[in-house]
Amino acid sequence: MRILDAEMDLRDETRSVNQSYEALVNAQREDEYEDRAHGLSKTQSELQTRLEDVIADIKNLPEGAQKFGKEIQLLSAALQPMTDAADTLGNANTGPAAIAAETEVIELLLQSKRANPNGGGGGGGASPGGGGSGDTDRAALALYGPGEDAQATITERVGEQATGISGPGVPREFKDGLEAFFRAVDEQSR
């Protein structure tokens, strides 16, 4: 979860740096843009190392590879787009290629978060930016959330109006107060 959150933050920061590219180039501050892109590359590499450690930790659990095979597969699939993103950012490119690679990482991490241990083979994509081929029928962002129950259903709640139940008009005491307020404003502006 922490890696997923950090990856989402990294993608947001990449977008921000990409949006500042033209302004920095016009201000002849290309070095600042390159420094920021290289910093993002370093962050991506650090996240990749953390993910590699998580995969190793899961495999080291008793029967970890058997019990968490799908999760390991999805997490491992995220390593290649992480490498692609780090390389792209390392070349001072914060454009669509870097953002696409980061998005693929996020998709795979989200799938691993909600992986069904009894499910079929999910798997991620081998081509950077190509997306995964998981077994979910929902968008990745719909899978992200703090809830404990991945199978929970969403039900629509009916809300009641808390104030102004008397109808579409404004209650008389509010009208009087508003009129007094606007009269005072008019008098002050004269």
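What follows draws every value from the coordinates through simple rules; no lab data is involved. If you're wondering where the values come from, they're calculated on a predicted model, not measured in any experiment. All Cβ positions, glycine included, derive from the backbone under ideal geometry; neighbour counts span all protein chains shown.
Points to keep in mind about this one:
- Calculated from backbone phi, Karplus (6.51, -1.76, 1.60) coupling profile of segment 79-95 in Hz, x at Gly/Pro: 5, 5, x, 5, 4, 4, 5, 4, 5, 4, 5, x, 8, 6, 10, 9, x
- J(HN,Hα) series, segment 99-106, from Karplus relation 6.51 cos²θ - 1.76 cosθ + 1.60, nearest Hz, glycine and proline x: 5, 5, 5, 5, 5, 5, 4, 4
- With neighbours defined as other Cβ atoms within 10 Å of a residue's Cβ, the residues 182, 68 order from fewest to most as 182, 68.
- In plain terms, the residue of 52, 7, 102 with the fewest other Cβ atoms within 10 Å comes first and the most crowded comes last, giving 52, 7, 102.
- Ordering 185, 105, 25, 17 from the fewest to the most neighbouring beta carbons within 10 Å gives 185, 25, 17, 105.
- Potential lengthening between residue 5 and residue 49 on full extension [0.36 nm per residue; Cα-Cα distance subtracted]: 14.3 nm
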